[in-house]
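Some notes on the structure that comes next.
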Amino acid sequence: MSIEKYKAFSTSELVKLISKEAPNTELVIHLNMLRLQGLILSVSETDMGGINICFQEKDSNAISYFHAAHILSIKILYPSKLADLLSEGEIPRSIKDDEKITQLQLKRWIKERIVALENVNENLSISIPDKELNDIEKLNIKDIVEIVLQVIKMHTKDEIGKLAWCQIESINLNHNTKKLEIKRTGAMLNISMDYRKTLHKELAIELENALLQKL
């Protein structure tokens, strides 16, 4: 594993990241003369932008409350389990054998999902890159396409949505190393984003908002 890809975080940033994305992560937290090992149960921001923490100790199940500003250091006992988070997506998520799919299976899955859609252009197609994709890329693309399909399904329940989406004939997914970008050319939508890294949790909302702006 490329541990040099791990990023530096402040203790406050790390607390917020773990509490939101990986709440069952076991940590060792040092507070001056006190050492706590266990789980973050919850966090809340103060009016001044600080962070209050509710922490459960592993051995005694005791609950401790403290402010993030009092943390001297945080030790993550099993960092490999959070490699994608700690590297900000540069180290891909781990994949189980039963999650793997071939490129042909991915294309068939996309076609089947499009056929199941209602109230869209009868010629609607979703294209993915023709180049050979690795397992991470294929699963990330599948997740992205699923978000797109859910957006279409959600926003074709009324006449305005039906009319807007019926004008779209093709959606193309391309790779870039920058932020999400969607361009419309006539009846075609081009989605460009970095599908090689771990997809962030807010992608569904971000992608939905970006798509709707192009209709």
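The values are calculated or read from the model by the stated rules, or taken from the named source; none is laboratory data. Values in this document were obtained by computation on a predicted structure and should not be read as measured data. All Cβ positions, even for glycine, are placed from backbone atoms using ideal geometry, and neighbour counts span all protein chains on display. Ligands, DNA and RNA are excluded from the accessible area calculation, which covers all protein heavy atoms including side chains. Shrake-Rupley method; radii C 1.70, N 1.55, O 1.52, S 1.80 Å.
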Regarding region 57-72, can at least one residue be identified that is under 30 Å from Glu137 (Cα atoms), open to solvent by 50 Å² or more (accessible area, probe 1.4 Å), among the charged types (D, E, K, R) and in contact (Cβ under 8 Å) with a residue 24 or more places away in the chain? no
May I ask you to verify whether Ile144 is surrounded by 13 or more Cβ atoms within 10 Å (Cβ to Cβ), aliphatic (A, V, I, L, M) and over 23 Å from Lys20 (Cβ atoms)? no
Answer yes or no: is there a residue in region 157-167 that is surrounded by 14 or more Cβ atoms within 10 Å (Cβ to Cβ) and within 24 Å of the chain's Cα centre (by Cα). no
Within region 19-34, the residues that are touching a residue at least 60 places away in the same chain (Cβ under 8 Å) and of a type in the set (A, V, I, L, M) are Ala22
So if I check each of Tyr65, Tyr6, which one is within 27 Å of Ile91 (Cα to Cα) and among the aromatic types (Phe, Trp, Tyr)? Tyr6
Say whether the condition of being more than 30 Å from Ile18 (Cβ to Cβ), at pLDDT 95 or above and in contact with a Lys or Arg (Cβ under 7 Å, 6 or more places away or on another chain) is met by at least one residue in region 159-182. yes
Among all residue pairs at least 6 apart or on different chains, which show Cβ distances below 9 Å where the first residue, located in region 187-214, is under 23 Å from Glu122 (Cα atoms) and in contact (Cβ under 8 Å) with a residue 24 or more places away in the chain and the second is open to solvent by 80 Å² or more (accessible area, probe 1.4 Å) and aliphatic (A, V, I, L, M)? Glu208/Met154
Looking at region 1-34, which of the residues that are among the polar types (S, T, N, Q) and open to solvent by less than 60 Å² (accessible area, probe 1.4 Å) is nearest to Tyr78 (Cα to Cα)? Thr25
For Thr185, only one of the following conditions fails: (1) surrounded by fewer than 12 Cβ atoms within 10 Å (Cβ to Cβ); (2) modelled with pLDDT under 95. What is its number? (2)
Considering only region 74-85, I want to know if a residue exists there that is open to solvent by less than 70 Å² (accessible area, probe 1.4 Å) and over 30 Å from Lys178 (Cβ atoms). yes
Test: residue in region 101-115 that is closer than 21 Å to Lys197 by Cα, open to solvent by less than 70 Å² (accessible area, probe 1.4 Å) and at pLDDT below 90: no
For region 181-215, which positions are hydrophobic (A, V, I, L, M, F, W, C) and within 19 Å of Ile110 (Cβ to Cβ)? Ile182, Ala187, Met188, Leu189, Ile191, Met193, Leu199, Leu203, Ala204, Leu207, Leu211
Which one is surrounded by the fewest Cβ atoms within 10 Å (Cβ to Cβ), of the residues in region 35-45 that are free of Cβ contacts under 8 Å to residues at least 12 places away in the same chain and either closer than 16 Å to Glu13 by Cα or of a type in the set (A, V, I, L, M) (or both)? Ser44
